[in-house]
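We did not get these values from a lab; they are worked out from the coordinates using the rules stated. Given the structure is predicted, the values throughout are model-derived calculations rather than measurements. Cβ placement follows ideal geometry from the backbone for every residue including glycine, while neighbour counts extend to all protein chains displayed.
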Amino acid sequence: MRINFDFGDLEAFVAVCDCGSFQRAADELALSQSALSRRIQKLEEALGVVLLERTTRSVRLTLAAKGFRARAEALLAEAREALQAVGDDSARVVSSRNAIVTVAAVPTAIHNILPSVIRSFEQRGHSARIRIADLSANDVTEAVSQGDADFGISFIGGQEPGLEFRVLMDDQFVLVVPRDDPIALKRKIRWRDVDTHRFISVWKGSGNRMLVDTALAGARLSLDWTYEVRHLSAALGLVEAGIGITALPASAGPANDHPLLKAIPLVEPEVSRTMGTVRRSGHRLSTAAKAFYAALQEQLSS
């Protein structure tokens, strides 16, 4: 198949995707709107698909555009890496800063894992723009599978065809209580002893809730709830306010030195989730994405 577009056309397409507007993208690329439109039209004709649907108020990506966006960014990243190999130091710096790493992650990973990884990445001298997609576990898997993310951080994905799941840590569930609660003096607590009159649960459709329900059913136990929320962060907020107690993975719980909350291991049965990275099999990461992935593995392994 003959390639009838160039990197300028790809840059125009990615700019419109990032800006959500032809006007803003044209300003960013220092092009006229007509010149930008010609580049997009040329790319669409070369690919044989419509990428962008324009209205008077907005620009909407077609399904084809959503699938092509990650590949366009990868092609541009590879081109910039090639420039780095032959360019001077200043060119390398500019190229590095323009690189984009897209990470899809469950919210708990964003709050408790990614900050240290980002710091490690930057301390090693790497520079890139990091696009973080906070998604449910199932949506993380889909984003990686569809090429919308370089890789993902989740506890689901090991059985999906075409994906590689690398185990990084076991994440045991703990009971989170106010630090001044008498229960906080316990070193561990059994699931059967959890006070359901104050229990805050995450909604039944979440991956964490399904893990708990399945494990308890296997032990012939059930756990009633008084309050139900959609996100673990909301459950923690209610515990801080003294409304109740909650169970969640240790990585999502409070730090040991938290002034208000205490996490107590839950036993009989021990319930845990396996956190790991999700990648497309055989997919080659850009230099920046590879460096970020290495920093992630090192942080979680330690």
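On the beta carbon distance between Asp134 and Arg187, with R0 = 30 Å, the FRET formula returns roughly 0.35. When every Cα-Cα distance of segment 170-273 is counted in 10 angstrom steps from zero, the calculated P(r) takes the values 16, 56, 27, 1 percent.
In this calculation the C-beta distance from Glu122 to Val267 is compared with R0 = 41 Å, giving a FRET efficiency of 0.55. For segment 32-62, trypsin sites (Lys or Arg not before Pro) meeting the loop criterion (DSSP other than H, G, I, E, B) and having at most 11 other Cβ atoms within 10 Å: Arg57.
Using Cβ point charges alone (K and R +1, D and E -1), the dipole size of segment 170-273 about the Cα centre works out to roughly 140 debye.
Each of His231, His197 was scored by other Cβ atoms within 10 Å of its Cβ. Listed from fewest to most, they are His197, His231. Other residues with beta-carbon under 9 Å from the beta-carbon of Arg273 carry, at +1 per Lys or Arg and -1 per Asp or Glu, a net charge of -2. Direction-averaged projected area, Cα convex hull, segment 195-249: 3.5 nm², rounded to one decimal. Enumerate the helices in the chain for which the Kyte-Doolittle hydropathy averages 0.5 or more and the C-alpha atoms extend at least 15 Å along the helix's axis, using complete DSSP H runs. Correct list, ordered by number: 7-19. Cα centroids of segment 203-244 and segment 14-59: 45 Å apart. Looking at the square roots a ≥ b ≥ c of the eigenvalues of the Cα gyration tensor of the chain, which shape do they give, rounded for a/c under 1.5, prolate if a/b is larger than b/c, or oblate? Prolate shape, in that a/c is at least 1.5 and a/b is the bigger ratio. Summing charges over all other residues whose Cβ lies under 13 Å from the Cβ of Pro107, with Lys and Arg as +1 and Asp and Glu as -1, gives -1.
Under the 0.36 nm per residue contour assumption, what length would be gained going from the current alpha-carbon distance of Gln23 and Asp180 to full extension? Mind showing how you got there, number by number?
Details: separation 157, 0.36 × 157 = 56.52 nm, distance 5.61 nm.
Going from the current span to full extension adds 50.9 nm.
In plain terms, the residue of Met275, Met169 with the fewest other Cβ atoms within 10 Å comes first and the most crowded comes last, giving Met169, Met275.
Need one word for segment 1-62: rounded, prolate or oblate. Basis is the Cα gyration tensor (sqrt eigenvalues a ≥ b ≥ c); a/c below 1.5 gives rounded, then a/b vs b/c decides. Since a/c reaches 1.5 but b/c is at least a/b, the shape of segment 1-62 is classed as oblate. With charges only on Cβ, +1 for K and R and -1 for D and E, what is the dipole size of the chain about its Cα centre, in debye, rounded to 20? It comes to approximately 140 debye. With a cut-off of 13 Å between beta carbons, the residues surrounding Ala289 carry a summed charge of +3, where Lys and Arg count +1 and Asp and Glu -1. In a simple Cβ point-charge model (Lys, Arg +1; Asp, Glu -1; nothing else charged), segment 220-302 has a dipole of about 600 debye relative to its Cα centre. Ordering Ala128, Ala70, Val174 by the projection of their Cα atoms onto the charge dipole of the chain, which places +1 on the Cβ of Lys and Arg and -1 on the Cβ of Asp and Glu, puts Ala70 at the extreme positive end.
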